[in-house]
Amino acid sequence: MQVAPSVYFYPFTSFSENNANSVIISGPETVLIDPGHKHLWPQLARQIEADGLSPADISMVLHTHCHPDHMEAGEILEREYRAVQAMGEVEAEFLQGPGLEFFPWMGLDYPTGSIGRTLSDGPLDLGDKTVQLYLCPGHTPGSLCIHYPEAKVLITGDVIFAQSVGRTDFNGGDHKALAASIEKLSLLPDVEMVLPGHGPSVIGAAKVAANFRSVKAYF
């Protein structure tokens, strides 16, 4: 569903299995953030099409981090639509080592696609708009968060949720780093909507600020 100009949010709401929320930023370079698991891609594709968008128009699949519930379907978009898979450069390096083992640990095959573009802190040009990328380690070493100031939207992956924060007990997790990442995000201006990797969105500047204050109690 559309939640802001050019921004579409697809929360995963099943209680029977785990999968990431997905976000699309549409435009000349349409980006799908966190496509989720492969076996659930047809369901997400139907939702995208119901919003009048086409998976064929997706030119980049941006993974906030390398956990399979966020990135596994990326290889489908690469193979079927020639979308480029992108990830933070720190996370891409992690995926070549310990991060890769999340796949067999979750009973999944190793990914067969490729990370065609690595990203770092700073602006990302999407043609008619620019988003800001922030390296936010803690849940994983190279998690990226995406701030779209024009729409006042912050896409956080598994760094911060509504009333909760990402786990740090997995390989690559770091509790202190996560605290620093959340503090950095809490200082960003022009955030009136947080779209997390799991669970509901946080909407309204006052609610976003209150959520940051609440989750800081975890540290």
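Count, please, the residues in the range 163-189 that happen to be surrounded by fewer than 17 Cβ atoms within 10 Å (Cβ to Cβ) and in contact with a Pro (Cβ under 7 Å, 6 or more places away or on another chain).
Number of matching residues: 2.
The conditions are (1) open to solvent by less than 70 Å² (accessible area, probe 1.4 Å); (2) out of contact with any helix residue (DSSP H, G or I) (no Cβ under 8 Å at 6 or more places or on another chain); (3) at pLDDT 95 or above, and residue 127 fails exactly one of them. Which is it?
All conditions are met except number (3).
Could you list, in sequence order, the residues of the range 80-91 that are closer than 22 Å to residue 41 by Cα and under 14 Å from the mean Cα position of the chain (by Cα)?
85, 86, 87
Would you confirm whether or not the range 136-143 contains a residue that is open to solvent by 10 Å² or more (accessible area, probe 1.4 Å), under 16 Å from residue 63 (Cα atoms) and touching a residue at least 40 places away in the same chain (Cβ under 8 Å)?
Yes, the conditions are met somewhere in the range 136-143.
Open to solvent by 50 Å² or more (accessible area, probe 1.4 Å) and small (Gly, Ala, Ser): is that true of residue 4 in this structure?
No, not satisfied.
The values are calculated or read from the model by the stated rules, or taken from the named source; none is laboratory data. Quantities reported herein were computed from a predicted structural model and do not represent experimental measurements. Because the Cβ atoms are built from the backbone with ideal geometry, glycine has one as well, and the counts that use them run over all protein chains shown. Remember, those area values only see protein heavy atoms, side chains included, never the ligands or the DNA or RNA. Shrake-Rupley method; radii C 1.70, N 1.55, O 1.52, S 1.80 Å.
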